[in-house]
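The values are calculated or read from the model by the stated rules, or taken from the named source; none is laboratory data. Computed from a predicted model, the values in this text were never measured in an experiment. Note: ideal-geometry Cβ built from the backbone for every residue, glycine included; neighbour counts use all protein chains shown.
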Amino acid sequence: MAGETITRAQLTEAVYQEVGLSRNESAELVEAVLAELADALVRGEMVKLSSFGSFSAREKGRRMGRNPKTGEEVAILPRRVLVFRPSHVLKRRINDTLVPAVRGLPARAGEGAAR
């Protein structure tokens, strides 16, 4: 399942096109939003974006793992991992656009819109 990666530059351009801010203001806005999201996650807060999903940092404890190359047991240190849970709206939108393609029919514009 190959796809494109959306970059900060593309997000900045989308803000520029949709909102009408200058390119510099759009870049500053994108950076400010991403920084606030990251800071909240570092503080251990959950970040919820309505109709998109929620991000949270979860603690994982120490455990034993195995080096797949050598088979040697290795201690995996405790760490925090980022968890994303998509909203039902996002899941429905993704799956609604997939269903026509699975049936061999082309997806129509607007079919995957939130209801």
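Here are some notes:
- Pairs, first over 17 Å from P78 (Cβ atoms) in segment 46-65, second surrounded by 11 or more Cβ atoms within 10 Å (Cβ to Cβ) and of a type in the set (S, T, N, Q), C-beta under 7 Å, six or more apart: M46/S54; M46/S56; V47/S54; K48/S54; S51/S87; F52/S87; G53/S87
- Filter pass, A40 being among the hydrophobic types (A, V, I, L, M, F, W, C), at pLDDT 95 or above and touching a Lys or Arg at 6+ places or on another chain (Cβ under 9 Å): no
- Within segment 79-93, the residues that satisfy the criterion of being over 14 Å from S56 (Cβ atoms) and surrounded by fewer than 12 Cβ atoms within 10 Å (Cβ to Cβ) are R79, H88.
- Qualifying residue in segment 50-67 (condition: surrounded by 10 or more Cβ atoms within 10 Å (Cβ to Cβ), in contact with a helix residue (DSSP H, G or I) (Cβ under 9 Å, 6 or more places away or on another chain) and assigned to a loop (DSSP other than H, G, I, E, B)): yes
- In segment 10-43, the residues that are in contact (Cβ under 8 Å) with a residue 12 or more places away in the chain and either among the aromatic types (F, W, Y) or exposed (fewer than 11 other Cβ atoms within 10 Å of the Cβ) (or both): V42
- Residue match in segment 51-70 (condition: among the hydrophobic types (A, V, I, L, M, F, W, C) and farther than 30 Å from A9 by Cβ): yes
- Unmet requirement for E4, which otherwise passes all of (1) closer than 30 Å to L98 by Cα; (2) in contact with a Pro (Cβ under 9 Å, 6 or more places away or on another chain): (2)
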